[in-house]
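Accompanying notes for the structure given below.
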Amino acid sequence: MKKILVVEDDRPIRNLYKDELIDEGYEVITAADGVIGYEMFKKHKPDLITIDIKMPNMNGLELLDKIRKEDKEVPIIIYSAYGEFTQNFSTWAADEYLVKSSDLTEFKNKVKELLEKREN
Amino acid sequence: MSDEDIKENYKDLVRQYNILNQISKTVASTLDLNKILKIILTGVTFGDGFGFNRAFLFLIDRHQKNLIGRIAIGPASEEEAWKVWGEIQHTNYSLEEYLNSEKFLNEPSTSVLDEKIRQVIIHLDEKKVLWQCLEDGVPRNVNLINYYQDQNFNSNKNPENTFDSDLDLENGKSDVSCQPTPEKPYCYIYDKNLIEPELLEYIDYPKFCIIPLISRTIKVGILIVDNKYNKRDITDDDIKFLLMLGQFAASSIRNTIIYNDLKDSLAALEKLNMKLDYLREYNEKIIESIPVSILVIDKYFKVTLCNENCSKIMRAQKNQIIGRSIDTHSIFIDGADLVEEIKKVMDENKSEGFHKVNIKMDGRKTEEIYDVILTPFKFFKDTPEGVVLIIEDITATVKLKKELSEAKKLSELGKLSATIAHEIRNPLIAIGGYAIRLKRKYTQNQEIDPEAIDIIINEVSRLETIVNEILDYAADRKLEFTKVDLSSLMKECINLAEISAEQNDISIDFSCGCGILGDCELFVTGDYNKLKQAFLNIINNAVEASKKRSKVTVLIQTEDNYENIMIKVHNYGYLGSEEIKHNIFLPFYTTKDRGTGLGLTITKKIIEQHNGSIGVESSVENGTTFTIKLPLLKQEQN
């Protein structure tokens, strides 16, 4: 079973992502900020990571940078409520950038796509 | 003396008077000093005139210390002398005719003698003859023939060269002083040592006559004549006439010099005048160019200066304002009478300023807005000569500032809208996401997770809270002010807060340090419900920031000599950082998991609506204290 780490500070959204990904048949680990997110990454070695940008303690971009320094391969989806973050080159280190939406279809497709891509 | 002699003498006299007359007539026709000098010297040397071989003229300098060689007429050598005389005889001119002839008027003075004299400067020495001569006004007839023969005086160094001198040795004195008589109005000089060496070197001939040129008492210069070439002796009559000519020449020269000086002074004055005109115009241009109105009023309240801008404000021509008393106009600056203000500035010797004011001019209020400054101006220390009034039209600036502040408000509104949009986005995503999920589960007949429904309900309630608080913050609801008993209001708030505090075993202490006011009757004027909302926010915040089993303290006390009430709400938690402290009152700034970030913003707004202030101090050691200051309702107002 593929392991996915969800790093998101807003609890209802975190739960929504978790519930939806479990329904898709993944094992889901969650973290409420960047610091916990990094600990979880080290501990569980997930197959894919999704990260929110605006978070307390350590934001998503810092976490992305920190993970990429250690692991250049693990697929990372970065998402935010802010569309303009695509302009920030720090987000280019991620494999995918998504704007937050209540419709998770695109998100789930990208997760599947990236995991399959890694498989091959 | 025979009849013939007398007749001859008489004829000579007539001739010489005639010459004087001709010279004076020609001199009178000009004001050119060089020409006058040339006429005089020509008259002296002209064959038809006095007929001296050579004539020299020196003028005294401004400091009366030196004689400066100015003009010389005569041949430079014996050959030249004969040639010149031949020519003149040939033309047969009379002196007057010659002086008016083309030859005289246009002939440039290029003689060697003339060129040399301009380089001669004779220093006047009290012990020497030229100085003495100018002092006593008596001509000197110089005869140094003895030196000439004995000591090779002449540069010709020709011992054969003899002179038919009538050396008056018995009268000869080696002293510069002299007592002239009407018959013999001059003195002899035989002593070479009495003569200035520069002169001797230049003249280079032992017999010559020195005529002082004195106009009234003013020394003008020296005229020297000799007969170097025909060697004719200078007679008593010669000297008498030279003396007359000398007096005439002196006054002509002096008048001309004065005239020329005057002319120069006039020209200089004219130039100065032009410069003054220019300066006046320059200053005027500056005063007219600066974009402020200037009015200068002297100590008698008379207007001495008014620029165009000012005359526009006063709606009068400049010439109707300047020179008249300022109280002919009724001018009020921000309601203050200008005349009174001028008096005040003069009396106190201190500037006065008015910012953003209207001016009422002769009963008419201007539409523009002005800055006005009254400044005393002084020529001497501490005594104002008048007042300078500077009026600046700031209407455009004020308008611009207003526009700027509106633009700023709009930009703040823009930022606020973006923040609000972002704040409501997360709950919307969660609600939408779970709604989609529930629909899918429902249509697929799968089990519905009740937790998902809870999340939707909670998030909707969160949205409601946010929207209510925004509406509350944005609504400009009119406050209903009543007399509010602060300590009983505070007790009510604490009772409400204690419900949640007790769940975490947090106690709330309340004390009222009323000082001399006694039984804690502290009143403010305020909106009861709004103040309750504000205080409850602060107390609830303090409870939420406290650890379990800790304490929140609320203290009310009077401040600033019973002018204000100070409310302090303390807890032992630390805010976290200086940044949090700095931003804590900003909208949507929150450190709490489920806060909207509007509570403290609303509290601050309410306190400010009550003319109060709110601040926060926080440290790890002392915890956090919010301090609210409100104006106390005075007892007499109760």
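The values are calculated or read from the model by the stated rules, or taken from the named source; none is laboratory data. None of the values given here were measured: they were computed from a predicted structure. No Cβ is skipped: glycine too gets one built from the backbone with ideal geometry, and neighbour counts run over all protein chains shown.
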Which residues, counting only those in the range B:181-206, are in a loop (DSSP other than H, G, I, E, B), among the charged types (D, E, K, R) and closer than 25 Å to B:Ala76 by Cα?
B:Glu196, B:Asp204
Odd one out for A:Glu96, checked against (1) more than 14 Å from chain B (Cβ to nearest Cβ); (2) in contact with an Asp or Glu (Cβ under 9 Å, 6 or more places away or on another chain); (3) exposed (fewer than 15 other Cβ atoms within 10 Å of the Cβ):
(3)
What about A:Gly37, is it small (Gly, Ala, Ser), under 27 Å from B:Glu423 (Cα atoms) and touching a residue at least 40 places away in the same chain (Cβ under 8 Å)?
no
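Yes or no, residue by residue, for (1) of a type outside the set (Val, Ile, Thr); (2) on the phi < 0 side of the Ramachandran plot; (3) crowded, with 22+ Cβ neighbours inside 10 Å:
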position: B:Tyr190; (1), (2), (3): yes, yes, no
position: B:Leu194; (1), (2), (3): yes, yes, no
position: B:Pro197; (1), (2), (3): yes, yes, no
position: B:Asp204; (1), (2), (3): yes, no, no
position: B:Ile211; (1), (2), (3): no, yes, yes
position: B:Asp237; (1), (2), (3): yes, yes, no
position: B:Ile253; (1), (2), (3): no, yes, yes
position: B:Lys263; (1), (2), (3): yes, yes, no
position: B:Ala268; (1), (2), (3): yes, yes, no
Do you know which of the residues in the range B:317-333 that are surrounded by fewer than 18 Cβ atoms within 10 Å (Cβ to Cβ) and not polar (S, T, N, Q) is nearest to B:Ile286 (Cα to Cα)?
B:Lys318
Does the range B:513-522 include one or more residues that are surrounded by 14 or more Cβ atoms within 10 Å (Cβ to Cβ) and closer than 30 Å to B:Glu621 by Cα?
yes
State all residues of the range A:1-16 that are within 24 Å of B:Lys439 (Cα to Cα) and at pLDDT 95 or above; if no residue qualifies, say none.
A:Val6
Go through (1) within 27 Å of B:Ser289 (Cβ to Cβ); (2) touching a residue at least 12 places away in the same chain (Cβ under 8 Å); (3) within 29 Å of the chain's Cα centre (by Cα) one by one and return the number of the condition B:Ile331 breaks.
(3)
Among B:Ile457, B:Ile466, B:Ile436, which is the only one that is among the β-branched types (Val, Ile, Thr) and either within 30 Å of B:Gln609 (Cβ to Cβ) or surrounded by 18 or more Cβ atoms within 10 Å (Cβ to Cβ) (or both)?
B:Ile466
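State yes or no: is B:Cys178 touching a strand residue (DSSP E or B) at 6+ places or on another chain (Cβ under 7 Å), part of a loop (DSSP other than H, G, I, E, B) and either crowded, with 17+ Cβ neighbours inside 10 Å or modelled with pLDDT under 90 (or both)?
Criteria met by B:Cys178.
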Inside the range B:361-384, can you point out the residues that are in a strand (DSSP E or B), modelled with pLDDT under 90 and farther than 18 Å from B:Val398 by Cβ?
B:Met361, B:Arg364, B:Phe377, B:Lys378, B:Phe379, B:Phe380, B:Thr383, B:Pro384
Within the range B:417-446, residues being of a type in the set (S, T, N, Q), over 19 Å from A:Met55 (Cβ atoms) and within 7 Å of another protein chain (Cβ to nearest Cβ) number 0
For the subset of the range A:1-34 comprising residues that are touching a residue at least 40 places away in the same chain (Cβ under 8 Å) and in contact with a His (Cβ under 9 Å, 6 or more places away or on another chain), which member is farthest from the other protein chains (Cβ to nearest Cβ)?
A:Lys3
Per-region count, the range B:486-500, residues surrounded by fewer than 16 Cβ atoms within 10 Å (Cβ to Cβ) and not β-branched (Val, Ile, Thr)
6
Kindly list, by first and then second residue, each pair from a residue in the range B:447-460 that is more than 10 Å from chain A (Cβ to nearest Cβ) to a residue that is of a type in the set (A, V, I, L, M, F, W, C), limited to pairs with Cβ atoms under 8 Å and residues at least 6 apart or on different chains.
B:Ile448/B:Leu438; B:Ile453/B:Leu438; B:Val460/B:Ile431
Scan the range B:52-86 residue by residue and report those that are without any contact (Cβ under 8 Å) to a residue 24 or more places away in the chain and of a type in the set (Gly, Ala, Ser).
B:Ser77, B:Gly86
Restricting attention to the range B:334-342, does a residue exist that is buried (at least 16 other Cβ atoms within 10 Å of the Cβ), acidic (Asp, Glu) and out of contact with any helix residue (DSSP H, G or I) (no Cβ under 9 Å at 6 or more places or on another chain)?
yes
Looking only at strands (runs of 3 or more DSSP E) that lie completely in the range B:482-578, which have at least 1 residues being hydroxyl-bearing (Ser, Thr, Tyr) and under 60 Å from the mean Cα position of the chain (by Cα)?
B:523-526, B:551-559
Do the conditions hold for B:Leu33, that is, is it over 54 Å from the mean Cα position of the chain (by Cα) and either surrounded by fewer than 22 Cβ atoms within 10 Å (Cβ to Cβ) or closer than 22 Å to B:Ser215 by Cβ (or both)?
no
Is it true that some residue in the range B:460-473 is in a helix (DSSP H, G or I), within 30 Å of B:Leu416 (Cα to Cα) and modelled with pLDDT of 90 or more?
yes
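Here's the yes/no breakdown for (1) at pLDDT below 65; (2) assigned by TED's automatic domain parsing to the domain that holds B:Ile224; (3) in contact with a Phe, Trp or Tyr (Cβ under 7 Å, 6 or more places away or on another chain):
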| residue | (1), (2), (3) |
| --- | --- |
| B:Asp125 | no, yes, yes |
| B:Glu135 | no, yes, no |
| B:Asn141 | no, yes, yes |
| B:Phe153 | yes, yes, yes |
| B:Ser165 | yes, yes, no |
Return the pair list, or none, for Cβ contacts closer than 8 Å from residues in the range B:396-422 that are outside the structural domain of B:Val467 (by TED's automatic domain parsing) to residues that are of a type in the set (A, V, I, L, M) and surrounded by 10 or more Cβ atoms within 10 Å (Cβ to Cβ), at least 6 apart or on different chains.
B:Val398/B:Ile369
Any hit, the range B:306-313, residues being touching a residue at least 12 places away in the same chain (Cβ under 8 Å) and assigned to a strand (DSSP E or B)
yes
Positions within the range B:215-245 being under 59 Å from the mean Cα position of the chain (by Cα) and over 15 Å from B:Val129 (Cβ atoms), in sequence order:
B:Ser215, B:Arg216, B:Thr217, B:Ile218, B:Val220, B:Leu245
